[in-house]
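Working notes for the structure below.
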Amino acid sequence: MTATSLPPNSAPGVRVRANRLVLYTVLVALTGLFIGPFGWLVLSGLKTPAELAASPVHWLPTDFQWQNFADAFNLIDFLGYARNSLIIALIYAVLVTLSSAWVGFGFARLEAPGKKTLFGILIGSMMLPQMITLLPTYLIFAKLGMVDTYWPWVFWGLAAAPYLVFLFRQFFAGLPRELEEAAIVDGCGYGMIFWRIFLPQSWPVLSASFVIAFTWSWGDYIAPQLLLSTDKSTLAVAVMTTYVTSAGTPVANLQAAASVMYVVPILLIFLVAQRGFVAGMATTGLK
């Protein structure tokens, strides 16, 4: 081999390194794209109102206003609203995860006339915008005397969610048939099969579903604004409606600071459950 010649395997190695470089570059760019809005929110929470209203835009604050976070926390009952949000989100996330798992199990492992048609209707309901059902939902809960209570979130949780049902159905359909056949031989009914065999096997989808459902409820603004009074309302409503001047003008820097603190619990939950979340989204639907 001459001094200028290359080893036989050098060309594939160069291609692999080049492909990795391109992949990492794309990933870094996408990461910056997704983190960018949150970074801008943090910077907005550290600016003065004049800097937020300045033109051209002030990208960085002249003097970091850390006091904005303290003011945003103290001007309202931040912990009280956060507690309300946490109660509602936990009630809904736990109930809708379990009910969706049960419905998904039924669609995946049980046989009944019209099952495919019902599943098609269920998936089709995902296309209905929330605004279409908003007025009928309010009228139903008003007739039942459930306005200004947390009971609507209990019933929504027990009713399951189409998207989560789809996740569980796809996961349960991929489990071996021998699992339930062996359990039936041992005398187990389908209820016991679900609770003792299938549900423990589905921890990746359980984690993913819980995070998704918690995020839905924690970030919901319309339903709490419509159904709850100010004292029982959630942090999402408080952040959008209480940081205003006497003339009703929003105080943008305080809203931004409060929004940062509002997002932190979701980030922490995702960091704790990210392994199960990613595994659930990656394995759902694989046979």
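For segment 20-139, the fraction of 1.4 Å probe accessible surface lying on carbon and sulfur atoms is 75 percent.
A straight chain from Phe270 to Met192 at 0.36 nm per residue would run longer than the Cα-Cα distance by 25.0 nm. A value for semi-axes √(5λ) of the Cα gyration tensor in Å was derived from the coordinates, and within the list (i) 28, 22, 18; (ii) 40, 37, 15; (iii) 33, 26, 18 it appears as (ii).
Among Tyr138, Tyr92, Tyr24, the residue with the largest mean-square fluctuation in a Gaussian network model of the chain, with springs joining Cα atoms closer than 10 Å, is Tyr24. Here the spin labels are modelled as points 7 Å beyond Cα on the Cα-Cβ line, and at Thr117 and Val263 they lie 4.7 nm apart.
Classify segment 1-124 from the C-alpha gyration tensor, please: rounded if a/c falls under 1.5, else prolate or oblate depending on whether a/b exceeds b/c. Display every interim value, and only then the final one.
Details: a/c = 3.25, a/b = 1.06, b/c = 3.07.
Since a/c reaches 1.5 but b/c is at least a/b, the shape of segment 1-124 is classed as oblate.
Taking amide H atoms as placed 1.01 Å from N in the peptide plane, the amide H of Val244 lies under 5 Å from those of Val251, each 5 or more residues away in sequence or on another chain. The local environment of Thr242, defined by Cβ-Cβ distances under 15 Å, has a net charge of -2 under the rule Lys, Arg +1 and Asp, Glu -1. GNM on the chain, alpha-carbon springs under 10 angstrom: the most fluctuating residue among Asp77, Asp148, Asp186 is Asp186. Taking all protein chains as they are arranged and a probe of 1.4 Å, the heavy atoms of Phe270 leave approximately 80 Å² accessible to solvent.
Once the chain from Phe34 to His58 is taken as fully extended at 0.36 nm per residue, the excess over their C-alpha distance is 6.5 nm.
Solvent-accessible area per residue in the chain equals 60 Å², computed with a 1.4 angstrom probe and all protein chains kept.
Packing order of peptides 119-127, 25-33, highest average first: 119-127, 25-33 (average count of other Cβ atoms within 10 Å over each peptide's residues). To put it simply, the accessible area of segment 184-278 at a 1.4 Å probe is 66 percent carbon and sulfur. Sorted largest first by accessible area at a 1.4 angstrom probe radius, with every protein chain in place, the residues Ile35, Ile197 fall in the order Ile35, Ile197.
For the set Glu180, Glu111, solvent exposure ranked by accessible area (probe 1.4 Å, protein chains only) runs largest to smallest as Glu111, Glu180.
The values are calculated or read from the model by the stated rules, or taken from the named source; none is laboratory data. Because the structure is a prediction, the values reported are computed rather than measured. Note that each Cβ is placed from the backbone with ideal geometry, even for glycine, and that neighbours are counted across all protein chains shown. Heads up: the accessible areas ignore ligands, DNA and RNA and are worked out on the full protein's heavy atoms, side chains in. Shrake-Rupley method; radii C 1.70, N 1.55, O 1.52, S 1.80 Å.
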